[in-house]
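Chemist: Questions regarding the structure given below will be posed in turn.
The values are calculated or read from the model by the stated rules, or taken from the named source; none is laboratory data. No experiment lies behind these values; they were computed from the predicted model shown. All Cβ positions, glycine included, derive from the backbone under ideal geometry; neighbour counts span all protein chains shown.
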Amino acid sequence: MTRRLPTAPPPSAALVTGASSGIGAEIATALADRGHEVVLVARRRDRLEALAGRLSRPGIRVHALPCDLTDEAARRELPDAVAGLGLEVSILCNGAGAGIAGDFTTAPVERQVDVVRLDLEAAVDLCGRFVPGMVHRRSGAVLNVCSLLSIVPMPRMATYAASKAALLSFTEALHAEPRPHGVAVTALCPGTVPTEFMDLAGLGAAVQRMPAWALEDARRVAERGLDALARNRRVAVSSALYGAAVLSLRSLPHALWLRALRSGSPFPDGWADVPADAGSRALARSSWGS
Ligand SMILES: NC(=O)c1ccc[n+]([C@@H]2O[C@H](COP(=O)([O-])OP(=O)(O)OC[C@H]3O[C@@H](n4cnc5c(N)ncnc54)[C@H](OP(=O)(O)O)[C@@H]3O)[C@@H](O)[C@H]2O)c1
């Protein structure tokens, strides 16, 4: 049976970032299926509006709020935009994310900093804007989408792994704070999910070479994350396989991990396929807001 998330009565809603594709879109879909009103946030307005149209049904309204989350001023406007819809955020899912694969020095520094802004700063910022209201209402839930790479440093994805590591640390600490006030906080750590993320990071070909059993389904990842949030778990993974991977990586000294990577990368051929503009395309979509 699906557990209920700790939410205030209407007019409360779930705000999901990264809702225009992949895991974020599946989280939004699962929340609407569980009866929550949902606010969809990402840059691509057309995608958000199409999803809102598909998910809206009698008694469930789904709204599109396009926003570039690397833009601090745009993030600052989100609470007022949500209030303008007559809603309070009682569930926050920070799903937006992007990565740059390839040596750190090969991508422009502005792109590397944008990864930190999107994957870490935006999630912390939105927690800062919406969690105090949840604490005040003594009810709420936060799902931050981290990564298996939150646990170990990752050469050739250094900025992404560092941002996700900080997000995991932040989320685990936050889990302990508003708990007495009825607010659940969970870090979801997906492993490898074949979404646009992989193509945009330049890892699409590498993912195609991975065995099917190693790939996770985005909807299943979303459902497992929401189930874990309903139970107020600190960290969630989508399967026993990835649970074992998290446990082993957590106990592995970084020196041993980095040495192991030198003798065999998880993407041995894939790294060679990384185009020069990998990651830049994910972070510099021209179509946002159109
Ligand atoms: N796929 C995996 O294997 C994997 C593994 C571990 C963790 N994750 C994490 O899971 C989360 C979802 O990724 P995904 O795999 O579902 O990838 P995805 O399909 O590429 O989704 C990424 C989402 O982030 C949004 N986004 C990107 N830049 C943005 C910006 N500047 N402002 C607002 N929204 C922005 C994108 O929408 P727009 O382009 O429309 O803005 C999109 O909705 C990410 O945090 C990722 O790091 C993924």
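Chemist: Select from the stretch 68-93 the residues that are more than 23 Å from P178 (Cβ to Cβ), in contact with a helix residue (DSSP H, G or I) (Cβ under 8 Å, 6 or more places away or on another chain) and part of a helix (DSSP H, G or I) and list them in ascending order.
Modeler: Matches in the stretch 68-93: E72 only.
Let's see how each residue does on (1) within 16 Å of the ligand (Cβ to nearest atom); (2) out of contact with any Gly (no Cβ under 9 Å at 6 or more places or on another chain):
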{"position": "S12", "(1), (2)": "no, no"}
{"position": "V16", "(1), (2)": "yes, no"}
{"position": "P58", "(1), (2)": "no, yes"}
{"position": "H63", "(1), (2)": "yes, yes"}
{"position": "P66", "(1), (2)": "yes, no"}
{"position": "E72", "(1), (2)": "yes, yes"}
{"position": "A81", "(1), (2)": "yes, yes"}
{"position": "L85", "(1), (2)": "no, yes"}
{"position": "A98", "(1), (2)": "yes, no"}
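Chemist: Just checking, how many residues over the stretch 89-110 are surrounded by 22 or more Cβ atoms within 10 Å (Cβ to Cβ) and either closer than 28 Å to H136 by Cβ or of a type in the set (S, T, N, Q) (or both)?
Modeler: Result for the stretch 89-110: 8.
Chemist: List every residue pair whose Cβ atoms sit under 7 Å apart, with the two residues 6 or more apart in sequence or on different chains, where the first one lies in the stretch 141-153 and is free of Cβ contacts under 8 Å to residues at least 40 places away in the same chain and the second, anywhere, is more than 7 Å from the ligand (Cβ to nearest atom) and of a type in the set (G, A, S).
Modeler: L149/A161; S150/A165
Chemist: Given the options A166, A205, A162, A173, name the one that is out of contact with any helix residue (DSSP H, G or I) (no Cβ under 8 Å at 6 or more places or on another chain), hydrophobic (A, V, I, L, M, F, W, C), part of a helix (DSSP H, G or I) and away from the ligand (no atom under 12 Å from the Cβ).
Modeler: Every option except A173 fails the conditions.
Chemist: Filter the stretch 176-202 down to the residues that are in a helix (DSSP H, G or I) and either more than 10 Å from the ligand (Cβ to nearest atom) or modelled with pLDDT of 95 or more (or both) and list them by number.
Modeler: Across the stretch 176-202, the qualifying residues are A176, R179, P180, H181.
Chemist: Oh, and also: Tell me which residues, restricted to the stretch 1-35, are in a loop (DSSP other than H, G, I, E, B), within 18 Å of C67 (Cα to Cα) and in contact with an Asp or Glu (Cβ under 9 Å, 6 or more places away or on another chain).
Modeler: S20, S21
Chemist: Going by the structure shown, is S280 within 13 Å of the ligand (Cβ to nearest atom), loosely packed, with under 11 Cβ neighbours inside 10 Å and at pLDDT below 55?
Modeler: The answer is no for S280.
Chemist: Please verify whether C127 is in contact with a Cys (Cβ under 9 Å, 6 or more places away or on another chain) and within 16 Å of the ligand (Cβ to nearest atom), treating the condition exactly as stated.
Modeler: The answer is no for C127.
Chemist: In the stretch 135-159, which residue that is within 22 Å of E223 (Cα to Cα) and more than 16 Å from the ligand (Cβ to nearest atom) is modelled with the lowest pLDDT?
Modeler: Among those that are within 22 Å of E223 (Cα to Cα) and more than 16 Å from the ligand (Cβ to nearest atom), it is S139.
Chemist: Here's a check for you: in the stretch 36-52, which residue that is part of a helix (DSSP H, G or I) and within 26 Å of G140 (Cα to Cα) is nearest to the ligand (Cβ to nearest atom)? Give the derivation first.
Modeler: Narrowing the stretch 36-52 to residues part of a helix (DSSP H, G or I): 45-52.
Adding the requirement that they be within 26 Å of G140 (Cα to Cα) leaves 48-49, 51-52.
Details: L48: 7, E49: 12, L51: 10, A52: 13 Å.
Among those that are part of a helix (DSSP H, G or I) and within 26 Å of G140 (Cα to Cα), it is L48.
Chemist: Does the stretch 3-14 include one or more residues that are under 21 Å from A230 (Cβ atoms), basic (K, R) and touching a helix residue (DSSP H, G or I) at 6+ places or on another chain (Cβ under 7 Å)?
Modeler: Yes, the stretch 3-14 contains a residue that is under 21 Å from A230 (Cβ atoms), basic (K, R) and touching a helix residue (DSSP H, G or I) at 6+ places or on another chain (Cβ under 7 Å).
Chemist: Also: Among the residues of the stretch 14-29, count how many are more than 12 Å from the chain's Cα centre (by Cα) and surrounded by fewer than 24 Cβ atoms within 10 Å (Cβ to Cβ).
Modeler: Residues meeting the conditions: 1.
Chemist: Scanning the stretch 208-218 for residues that are within 11 Å of the ligand (Cβ to nearest atom) and in a helix (DSSP H, G or I), which turns out modelled with the lowest pLDDT?
Modeler: Restricting to residues being within 11 Å of the ligand (Cβ to nearest atom) and in a helix (DSSP H, G or I), the top hit is A214.
Chemist: Same structure, new question: Taking R224, is it more than 12 Å from the ligand (Cβ to nearest atom) and within 15 Å of the chain's Cα centre (by Cα)?
Modeler: yes
Chemist: Failed condition for R156, given (1) of a type in the set (D, E, K, R); (2) assigned to a helix (DSSP H, G or I); (3) closer than 28 Å to R262 by Cβ, with all others met?
Modeler: (2)
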